[in-house]
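Below is one structure; the comments refer to it alone.
Taken together, the values in this text are just the output of simple stated rules run on the coordinates, not laboratory data. The structure displayed is predicted, hence computed values, not measured ones. Because the Cβ atoms are built from the backbone with ideal geometry, glycine has one as well, and the counts that use them run over all protein chains shown.
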Amino acid sequence: MVAHESGRWNDVPCNYNLPYVCKKGTVLCGPPPAVENASLVGARKAKYNVHATVRYQCEEGFTQHHVATVRCRSNGKWDRPQIVCTKPRRSHRMRRHHRHHQHHHQHHHHKSHKERRKHKKHPTEDWEKDEGNFC
């Protein structure tokens, strides 16, 4: 027996040679969702078949976090993108701290070993002096 879309049954045996052809469903997805600081890999299409997968790539200078692909689901909607593209940046405090250390290092680099020993302070004195310049 064969079930029709209406839910009724037909008495045609299952092994009977019917002229039915399986076709792809008419459900399609539109363009994939936009992702900040990322672009699609490959050609962008207006419509995508169910189960189609697209891949994102972070723009130059950005770092990828999480999965870079999304899939067109049978309801015509895309998976929610998980990919996040971030730009690595150093904080202002870190840059200031780095410059302070470079200057501090260069200043001591030009002194002789005897002068450095002569000006060496107890560690707690340095700690108190530099108290406002930590990160």
Around ASP79: net Lys/Arg minus Asp/Glu count, Cβ-Cβ under 10 Å: +4
Whole-Hz ³J(HN,Hα) from phi, Karplus 6.51 cos²θ - 1.76 cosθ + 1.60, for the stretch 70-87, glycine and proline x: 9, 10, 7, 8, 5, 8, x, 10, 7, 4, 6, x, 9, 4, 10, 10, 10, 9
